[in-house]
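Input: a single structure, listed below in structure tokens.
The values are calculated or read from the model by the stated rules, or taken from the named source; none is laboratory data. Keep in mind the model is a prediction, meaning the values are calculated, not measured. Counting neighbours? That spans all protein chains shown, and the Cβs are built from the backbone with ideal geometry, glycine included. We work out accessible area using only protein heavy atoms, side chains counted, and drop any ligands, DNA or RNA first. Shrake-Rupley method; radii C 1.70, N 1.55, O 1.52, S 1.80 Å.
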Amino acid sequence: MENEKFHLLKMHPCAEGVDDAALQDIADHAELVRYEPGEVVHRAEDVLTSVYFIVQGRLKCTAYNLNGQPFLEKIYSRGEQFGGLGAALAEPLPIHVTAHSPAVLLCFEYQTSLQLTLAYPTFRKNVARLVARSVGQVVFGDRIRKKSSLVTFCHESPATRPLTIQVIRRLQELGENVCLVTDDLSMPELAGVRCHRLVEQQRKLSYQQMRDLVSQWSDADRVFFDLRSGNADFNPHDVLLLCEQVFWCIRPDDWQQAAQGLRQIQEITPVWREKIGVVWLLNHVQPWAPAVPELRELAVEDYKVSLDQPKSGQSQVLAHGLQRLVHQLRGIRIGVALGGGAARGMAHLGVLKALEQNGIVVDMLAGTSAGAMTGTLLAAGMDHDYCIDSFVTDLTPSRFFRLLPHGDQWFLLYKYRRGQFDPMLRKYLQETTLEQLPLPLRTVTVDLITGCPVVRDSGDAVQAILESINLPVLSSPICREGAALVDGGLVNNVPANVLVDEGCNFVIAVSVTAKLENRFGKNQPDTPTEKMKSPSTLHTILRSHIVQSMNMNSVGVQPADVVIAPDVTNYELTAFTKTDELADIGERATRDMLPQINQLLHKLDSQLFPHS
């Protein structure tokens, strides 16, 4: 038991830089406690008398207000502490703590913990850092994301094994000290990586041996387990108990085997879904993952990755999948919110092009109206320039409309009333769902029945666009499943808040309605009454939409870290034929903001974003 406490403590961040003799003394003062899911660690209104270091598993903490209603929930995971502040109060706390998954804790009586921190300055510094981080997470929520130090890559096929190697090499480039445990006897030696084969002398490595091995590598920044699913030489339960994050790597043909393995895990401990992500290894011939709703029920999120080069008309979205895995491991999630604004939203194409060309890999998009349309096509892997050409081709009015006064407006009305946007978009997206897209995306629409915004993260991608661009009056509400859906710009025109809710800790908002020209038709603020002209009904509808969008920008954009506002006021809302010019304006506006963006990203992770 004493040796076990020492090894477990050595795996915890509080032990960083503490010599073994001091660590043994600290461990001798700890009580090792284990909890099964649902067991109570601390009851609300009891006095908290101990400090807990979480060495395995997770705790769920619920805080209650004066009326006894829960108002805050937080998950504490391996490497964190609980009680460092609460125990200092020495009074009843309205906080209820239970084990969220099988958990192993090292428990210190509060006064003893104070004595130990006074005796060992390095230990004191580490504990203070952990307490400060806990406070920061409460204040800033998911804007401070935890980095997983024990990670498993589980493979359904040898074809996905190179993913582990490439991720490790990239982390090494960022200065990380990486160790590896693998069951792949053919795994090549990786320079600078301490490697241990899972099977030694034909004997299975036990859970205790794996734990002790991690303890020996306590100086490492990251320990990877690289395993083959179904390998009889390891127990998935042991690995999941030990690790904080699991990437289940599959090809499109492997999903049924993966689902079977994940179901077995869920039967043992359902909450382990929250630490499992599916990684699809795709290619640019088949750039979209299969539609498998079952896997969404078995894993908390998924990633799409490709190791080959894109074809003509395709972007680097899939090729950047590996960098998104690195972002996840580094505690980074970059989101871009694309606002509505009709044709002016074509500037979004240039914004995302400039970000990609300057090495800023986006982890998630959220779009309203025109932002949903441009964002979905780019999330599907279409190249920016190909999108520009396609919009110009598809949205150029026919000769009949070009001969009419305000023909571009009548053409837009025709596209809405005749349902022309559906076949136009299906040419590119076919029957793809949002879940299948290489880049995660959220679209925003509004339900007129409840008056509430609706955020889509699944379902038919074309339908999600149609709901979000469904401008009232130009088209009837889309009625389905008890909802009447119209343009999302009515309530949230720039959905940066949606990205924060999804865990993005760096958000760029793009508003094409932040600036409004002092001109409506032929009328300006200094136009005399007798010379003012009455704009057309259609022009009035479009103008009303843009005015409302401008005033609604502040609703969703507030939590954004950076706002890019291309000046597109010289372009009509129906100027889709000038998509190339609008995209150029978006690109230039983004380049102007790059110094600020790079500076902020550098503060978030100076190794990943070295620009100062």
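The listed residues 579, 396, once ranked by accessible area (1.4 Å probe) with the largest placed first, stand as 396, 579.
Our coupling estimate for the stretch 268-273, obtained by passing each phi through the Karplus curve with A = 6.51, B = -1.76, C = 1.60 and θ = phi - 60°, is 7, 9, x, 5, 5, 3 Hz, Gly and Pro reported as x. Kirkwood radius and radius of gyration were both taken over the C-alpha atoms of the stretch 303-350, and their ratio Rg/Rh is 1.08. Taking amide hydrogens as placed 1.01 Å from N in the peptide plane, the amide H of residue 382 sits under 5 Å from those of 315, each at least 5 positions away in sequence or on another chain. 3J(HN,Hα) couplings calculated from phi for the stretch 254-261 with the Karplus curve 6.51 cos²θ - 1.76 cosθ + 1.60 (θ = phi - 60°) are, in sequence order, 9, 5, 5, 5, 4, 4, 5, x Hz; Gly and Pro show x. Accessible area per residue for the stretch 283-400 is 29 Å², calculated with a 1.4 Å probe on protein heavy atoms, without ligands, DNA or RNA. Give the Rg/Rh ratio for the stretch 341-418, taking Rg as the radius of gyration of the Cα atoms and Rh as the Kirkwood radius, to two decimals. Checking Rg against Rh, the ratio lands at 1.05.
Between residue 430 and residue 122, the simple label model (points 7 Å from Cα in the Cβ direction) yields a spacing of 5.8 nm. Where does the Debye-calculated log10 I(q)/I(0) of the stretch 47-91 sit at q = 0.14, 0.21, 0.24, 0.26 Å⁻¹, using only Cα point scatterers of equal weight, no solvent? At q = 0.14, 0.21, 0.24, 0.26 Å⁻¹ the computed log10 ratios are -0.39, -0.80, -0.94, -1.01.
Calculated mean residue ellipticity at 222 nm for the chain: -11500 deg cm²/dmol, from DSSP H runs with n ≥ 4 weighted as -39500 (n - 2.57), summed, divided by the residue count and rounded to 500.
Rounded to the nearest 5, what % of the DSSP beta bridges within the chain are antiparallel ones? Intermediate values should be presented prior to the final figure.
Working: 44 of 92 bridges.
Bridges in the chain are about 50 percent antiparallel.
What is the P(r) of the stretch 414-534, as percent of Cα-Cα pairs per 10 Å bin from 0? Percent of pairs per bin, in order: 11, 32, 32, 16, 7, 1. Residues whose amide H falls under 5 Å from that of residue 341, counting only those 5 or more places apart or on a different chain, are 370, 371, with hydrogens built in the peptide plane. Put the Cα centre of the stretch 261-301 next to the Cα centre of the stretch 1-65 and the gap is 31 Å. The residues 479, 243, sorted by heavy-atom accessible surface at 1.4 Å with ligands and nucleic acids left out, run 479, 243 from largest to smallest. Helix 121-140 against the longest principal axis of the chain: what's the angle in degrees, Cα atoms only, rounded to the nearest 10? Approximately 30 degrees, to the nearest ten. Expressed as a whole percent, the accessible area of the stretch 217-292 that falls on carbon and sulfur atoms is 45 (1.4 Å probe). Site pair residue 36 and residue 297 shows an inter-label distance of 2.5 nm when each label is modelled 7 Å from Cα along Cα→Cβ. Residues whose amide H comes within less than 5 Å of that of residue 443, counting only those at least five positions distant or on another chain, are 367, 456 (H built at 1.01 Å from N in the peptide plane).
Cα-based radius of gyration for the stretch 193-305, normalised by 2.2 N^0.38 Å, reads 1.16. To the nearest ten degrees, helix 370-379 and the longest principal axis of the Cα atoms of the chain are 50 degrees apart. For a 20 Å ceiling on Cα separation, which of these pairs sit above it: 311/353; 147/353; 10/125? Violating the 20 Å Cα-Cα cut-off are 147/353. Remark: the stretch 321-326, residue by residue, has Karplus-estimated 3J(HN,Hα) of x, 5, 5, 5, 5, 5 Hz, where x stands for each Gly or Pro and the curve is 6.51 cos²θ - 1.76 cosθ + 1.60 at θ = phi - 60°. Placing a pseudo-label 7 Å from each Cα along the Cα-to-Cβ vector at residue 358 and residue 20 gives an inter-label distance of 5.0 nm. Ordering 377, 393, 289 by the projection of their Cα atoms onto the charge dipole of the chain, which places +1 on the Cβ of Lys and Arg and -1 on the Cβ of Asp and Glu, puts 393 at the extreme positive end. For the chain, the Cα gyration tensor yields ellipsoid semi-axes of 50, 28, 21 Å (square root of five times each eigenvalue, largest first, whole Å). No solvent, one uniform scatterer per C-alpha: report log10 I(q)/I(0) for the stretch 1-105 via the Debye equation at q = 0.15, 0.19 1/Å, two decimals. At q = 0.15, 0.19 Å⁻¹ the computed log10 ratios are -0.64, -0.95. Between the helical axis of 110-119 and the longest alpha-carbon principal axis of the chain there is an angle of about 80 degrees.
Taking only Cα atoms of the stretch 238-373, what ratio of Rg to Rh do you get with Rh as the Kirkwood inverse-distance radius?
On the way: Rg = 17.0 Å, Rh = 16.7 Å.
Value, to two decimals: 1.02.
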